[in-house]
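Here, each number is a calculation from the coordinates, and none is a lab measurement. Treat the numbers as computed from the prediction; the structure is a model and nothing was measured. Backbone-built Cβ (ideal geometry, glycine too); neighbour counts: all protein chains shown.
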Amino acid sequence: MVSSYAMGLFFPWWTVAIAGLASGFFLDQKIFLSFLSAFIAVFLLWGIMSYVISVDNDHILASKISLMILKGKSPVVIILLGAFTGGIVSAFSAMTGSVLASVVRRV
């Protein structure tokens, strides 16, 4: 979570994949545990950050995006969709890092 946050301050959103890959590679975890921990970490990080930003602007942007995408006013669903997107990207990259580490350890 910390590396995803730090990289997100300076680089584009997809750096959560790099952070997930690194955590999956360097932390000795089973594949599913690596997937789950990365998903939960980034899901919580992006969900909390999105919620705080959305509350600061009275949910104006999230409401407008939900009207365009969902055809209804539901900013919470947009926040959850964004958090899920970040979580799944990080989770799959952490799983890839874990598999890559297990292959490297066998060689």
**Report entry** Amide N of segment 33-68 lying under 17 Å from the label point, which is placed 7 angstrom from the Cα of VAL2 along Cα→Cβ
**Finding:** 38, 41-42, 45
Query raised in the report: How far is it, in nm, from the label point at ILE18 to the one at MET49 when both lie 7 Å from their Cα along the line to the Cβ?
Result: 1.4 nm
Query raised in the report: What full-extension length gain, to one decimal in nm, is calculated for LEU9 and ILE40 as 0.36 nm per residue of separation minus the Cα-Cα distance?
Result: 9.2 nm
Query raised in the report: Working out 0.36 nm times the residue gap between ASP28 and LYS64, then minus their Cα-Cα distance, what length gain in nm do you get to one decimal?
Result: 8.7 nm
Report summary line: Tilt, helix 60-69 to longest principal axis of the chain (alpha-carbon atoms), in degrees rounded to tens, equals 80 degrees
Query raised in the report: What is the ratio of the Cα radius of gyration of the chain to 2.2 N^0.38 Å, where N is its residue count, to two decimals?
Result: 1.21
Query raised in the report: Would you list MET95, MET7, MET68 from fewest to most Cβ contacts within 10 Å?
Result: MET68, MET7, MET95
Query raised in the report: By count of other Cβ within 10 Å, fewest leading, how are LEU61, LEU36 ordered?
Result: LEU61, LEU36
Requested in this report: Of the options MET95, MET7, VAL76, report the single residue whose Cα projects farthest towards the positive end of the charge dipole of the chain (beta-carbon charges: Lys, Arg +1; Asp, Glu -1).
Outcome: MET95
Query raised in the report: Please state the relative contact order of the chain as a whole percent: Cα pairs under 8 Å, 6+ residues apart?
Result: 44 percent
